[in-house]
Amino acid sequence: MNNGHKPFNSFNQTTITHFKGYELNGIIKKKNCALLILNQGAINLEFSSLQKIEYLTRQEFIIISPAQLVQIKTVMPSKGVFIEFCTENKFSGLDFMMEIKIPITSGYYSNLCFDEVSTLHVNLISEAIMNYIHQLHDWGNAIHYSKKNTKKDVLTKLLKARVIIENEYQKQIDVQYLANSVAMSKFNFIRKFKEAFGFTPQQYILQKRISFSQLKLRSNKTLSITDLANLSGFQNIYHFSKTFKKMVGISPSYYQIST
């Protein structure tokens with residue numbers, strides 16, 4: 001499903017560069033667009049024309065526009081892949097997301113093993129990334145700010161918050177903690193999160209917790225509902241059971257025996 005965007009075909013004139021350790025230190029300037037994906041470690045990227053520095057860590061990627069001069073310094077031993085490409089058609093959203101780091105949220109090659117990246121895999125990786133960028137563009141457009149740079153800044157903060165939720169939903173996290181993590185007021189954070197994604201941060205936390213509990217109930221028929229409530233991040237079994245039934249339509253115990 002392409003959400004109204006032009007369908008992705010493929011990249012041509014693609015060059016793949018694997019790197020590990022400190023191999024990526026130095027100045028780069030690519031003729032075409034370049035996709036830099038980091039799987040381990042951390043690097044600093046200094047964009048001379050933009051007068052800004054991005055700190056890229058594992059499970060993040062960045063798209064570098066053509067002819068952009070970038071000074072790269074490896075902060076700690078890193079591993080990832082550099083894919084230089086030119087596209088066969090224009091992608092809405094590509095210019096919007098240039099030169100900002102983007103976390104790879106769940107479902108978008110977050111577990112990709114870059115040791116296995118070859119020419120055969122590039123189209124699959126690139127298609128997933130481009131589809132993700134289309135989604136990012138839609139999310140960004142939904143944020144009610146007139147300036148594009150403000151939309152980009154807010155979206156990167158919201159994406160960071162999504163990743164925190166995806167990594168920590170089993171813990172006792174709350175909306176204030178998330179807002180503080182991305183340096184936004186609680187009120188503005190909730191409002192912009194819902195504008196971008198269509199649901200509130202608390203709703204997303206509950207979605208992740210209930211999806212996790214459903215998986216556990218299907219795979220473990222002897223797991224107690226009390227233990228599952230704690231494991232899923234709920235403070236008590238009453239709140240867990242009530243939320244589960246509201247979102248799934250049946251009780252956790254009935255779901256466990258019927259699936």
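Some values worked out for this structure:
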read-out	value
So Phe189, is it assigned by TED's automatic domain parsing to the domain that holds Tyr238, crowded, with 19+ Cβ neighbours inside 10 Å and among the aromatic types (Phe, Trp, Tyr)	yes
Residues that are in contact (Cβ under 8 Å) with a residue 12 or more places away in the chain, assigned to a helix (DSSP H, G or I) and under 17 Å from Lys171 (Cα atoms), drawn from the stretch 226-248	Leu228, Ala229, Leu231, Ile237, Phe240, Thr243
From the options Gln202, Gln207, Gln176, Gln170, residue that is closer than 29 Å to Asp138 by Cα, surrounded by fewer than 14 Cβ atoms within 10 Å (Cβ to Cβ) and either among the small types (Gly, Ala, Ser) or within 27 Å of the chain's Cα centre (by Cα) (or both)	Gln176
Check on Lys192, assigned to a helix (DSSP H, G or I) and in contact with a Lys or Arg (Cβ under 9 Å, 6 or more places away or on another chain)	yes
Only listed residue being surrounded by 17 or more Cβ atoms within 10 Å (Cβ to Cβ), modelled with pLDDT of 80 or more, over 17 Å from Tyr132 (Cα atoms) and not β-branched (Val, Ile, Thr), chosen from Leu69, Leu38, Leu45	Leu45
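Quick grid of which residues meet (1) surrounded by fewer than 13 Cβ atoms within 10 Å (Cβ to Cβ); (2) assigned to a strand (DSSP E or B):
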{"position": "Phe19", "(1), (2)": "no, yes"}
{"position": "Glu23", "(1), (2)": "no, no"}
{"position": "Ser49", "(1), (2)": "yes, no"}
{"position": "Glu54", "(1), (2)": "no, yes"}
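The values are calculated or read from the model by the stated rules, or taken from the named source; none is laboratory data. Just so we're clear, the structure is a prediction, and the values are computed from it rather than from any experiment. Note that we place each Cβ from the backbone using ideal geometry, even for glycine, and neighbour counts take in every protein chain shown.
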